[in-house]
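Here's the structure, in structure tokens; my notes come after.
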Amino acid sequence: MGIMTERRTARRYDLTLPVIVRVPTEHSVERQEGNTRDISTRGLYFVIDQNVEAGSELDITFALPAEITQGSEVSVRASGRVVRVERRIEDHIPRMGIATRIERYHIIRAEARGQA
């Protein structure tokens, strides 16, 4: 049996948070809601109802609560690319697990949102 080597270089955090995923298509943007399963500075894994193809570009939005940031709530808006898609069953419901590499992100603190 071979030895598995961990290829991730960023620490992952097991977090279940609501996530909004936008998938740009040729003529529109498809919006889906789901939940994260783990997050790092370089990627995230989330679960949604509909399939997304590996290689697809995504816009992802989620909030990190104050308990995690040790300060105020932070909104994260990220752009990324799907690197892996897995069929899952959660609570007897078929879902899709999506592993995404974050290519860029923008962080907005709660105080900054209130001033806009």
Exercise for the section: For Thr25, Thr41, write out the residues from largest to smallest accessible area, computed with a 1.4 angstrom probe and no ligands counted. Expected result: Thr41, Thr25
Fill in the blank from the handout: Applied in sequence order to region 39-46, the curve 6.51 cos²θ - 1.76 cosθ + 1.60 (Karplus, θ = phi - 60°) yields integer Hz couplings, x standing for Gly and Pro, of 9, 9, 6, 10, x, 8, 10, 9
Problem - In Å², nearest 10: area of Glu67 left accessible to a 1.4 Å probe - result: 150 Å²
Exercise for the section: Quick one: Debye curve from the alpha-carbon atoms of region 24-116 only, equal weights, vacuum; give me log10 I(q)/I(0) at q = 0.25 Å⁻¹ to two decimals. Expected result: -1.30
Practice task
Report in % the part of the accessible area of the chain that belongs to carbon and sulfur, leaving out ligands and nucleic acids; probe 1.4 Å.
Solution key: 49 percent
Exercise for the section: Have a look at Ala63, Ala78, Gln32 and report the one farthest towards the positive end of the charge dipole of region 24-116, computed about the Cα centre with Cβ charges (Lys/Arg +1, Asp/Glu -1). Expected result: Ala78
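The values are calculated or read from the model by the stated rules, or taken from the named source; none is laboratory data. Note that the structure is predicted; figures quoted are calculated from it, not measured. Every residue, glycine as well, gets a Cβ built from its backbone with ideal geometry; the counts of neighbours run over all protein chains shown. Keep in mind that these areas ignore ligands, DNA and RNA; they rest on the heavy atoms of the full protein, side chains included. Shrake-Rupley method; radii C 1.70, N 1.55, O 1.52, S 1.80 Å.
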